[in-house]
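The values are calculated or read from the model by the stated rules, or taken from the named source; none is laboratory data. This one's a predicted model, so the numbers in the text were calculated from it and none came from an experiment. All Cβ positions, glycine included, derive from the backbone under ideal geometry; neighbour counts span all protein chains shown. Accessible surface areas use protein heavy atoms only, side chains included; no ligands, DNA or RNA. Shrake-Rupley method; radii C 1.70, N 1.55, O 1.52, S 1.80 Å.
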Amino acid sequence: MTVEKRDRLLSLRKKIADSPRFNRVIEGLFARYVSFAYRTSRWQRSGCDDMDAAVASGEPVIFVLWHQRLIMAPFLFDTSLGRICALTSAARAGRLAGQILVRLGFETIPMSSHKRHVALSREVLRRTKEGCSIGIAADGPRGPARVCSGVPVTWARMTGCRVFTVAFAERRVLKMPTWDKQMLPLPFSRGVLICQEWTDPVPKKPSEDETEILRLSLQASLDEITDRADLAVGRAAEPR
């Protein structure tokens, strides 16, 4: 293949990938597939009562999970009880994931390398004051996988919202070739949707050491609930 022909093919692929019509088709297919996989499998949802009660009363929460388990977030958070905004990457894959979540009932806040952290934090604070919960993948959008960033802790301090860690696991899943081995549920299987509140008190002005201790505590809580979900469906815990 000549260089010129290869460049034309790359240009065509980019045009297709950037096409709004193409992306809407892909978003719709993924959203319908995830809904189909959910409806055709047997699921047990547990530990969500406290989060559901808070959201139903108008109290926003911070909803945290590992990026690998993001695809089932709309079935972990009951959007019939209240609003939730998920943070999504402004990159192409992040936009696609965000629009799939939108089709399944979420709102989104796109992150951008051009948007300062202060501006993003102000947006999060504004949304929570409106009663909207915030969803975030603790290791997103680029990893490393299962290493918690300090962002959820910062937002817990800033907003005063309660923090809930969540996870899903299914007996049969397809692991995507992504940095986090994103899990895609398969139909006609058995799965669990698990939630647990992270109850460590977050001071208004924590020291750097206190912030790091809290970050590690949240990371351990996410690992624990994710491993528990895997074991509940007979899967070995993910290696770290």
Next on the checklist: I'd like to verify a number: residues in the range 155-185 that are among the polar types (S, T, N, Q), modelled with pLDDT under 95 and open to solvent by less than 60 Å² (accessible area, probe 1.4 Å), how many?
Outcome noted: 1
Checklist outcome for this item: Matching residues in the range 27-48 (among the charged types (D, E, K, R) and not in a strand (DSSP E or B)) number 3
Checklist outcome for this item: Scanning the range 125-166 residue by residue, the ones that are out of contact with any Lys or Arg (no Cβ under 9 Å at 6 or more places or on another chain) and charged (D, E, K, R) total 4
Next on the checklist: Can you tell me which condition F188 does not meet? The list is (1) of a type in the set (A, V, I, L, M, F, W, C); (2) surrounded by fewer than 21 Cβ atoms within 10 Å (Cβ to Cβ); (3) part of a strand (DSSP E or B), and all the others hold.
Outcome noted: (3)
Checklist outcome for this item: Counting only residues that are open to solvent by 40 Å² or more (accessible area, probe 1.4 Å) and either under 18 Å from G140 (Cα atoms) or assigned to a loop (DSSP other than H, G, I, E, B) (or both), the range 220-240 contains a total of 7
Checklist entry - Across the range 158-174, which residue is farthest from V34 (Cα to Cα) among those that are more than 16 Å from the chain's Cα centre (by Cα) and part of a strand (DSSP E or B)? => result R162
Next on the checklist: Being part of a helix (DSSP H, G or I), under 29 Å from V233 (Cα atoms) and among the basic types (K, R): is that true of R146 here?
Outcome noted: no
Checklist entry - Within the range 130-140, is even one residue surrounded by fewer than 18 Cβ atoms within 10 Å (Cβ to Cβ) and aliphatic (A, V, I, L, M)? => result no
Checklist outcome for this item: Considering residues that are aliphatic (A, V, I, L, M) and within 16 Å of Q44 (Cα to Cα), the number found within the range 211-233 is 5
Checklist entry - Can you name the residue in the range 90-125 that is modelled with pLDDT of 70 or more and either basic (K, R) or assigned to a strand (DSSP E or B) (or both) and, of all such residues, is most open to solvent (accessible area, probe 1.4 Å)? => result R122
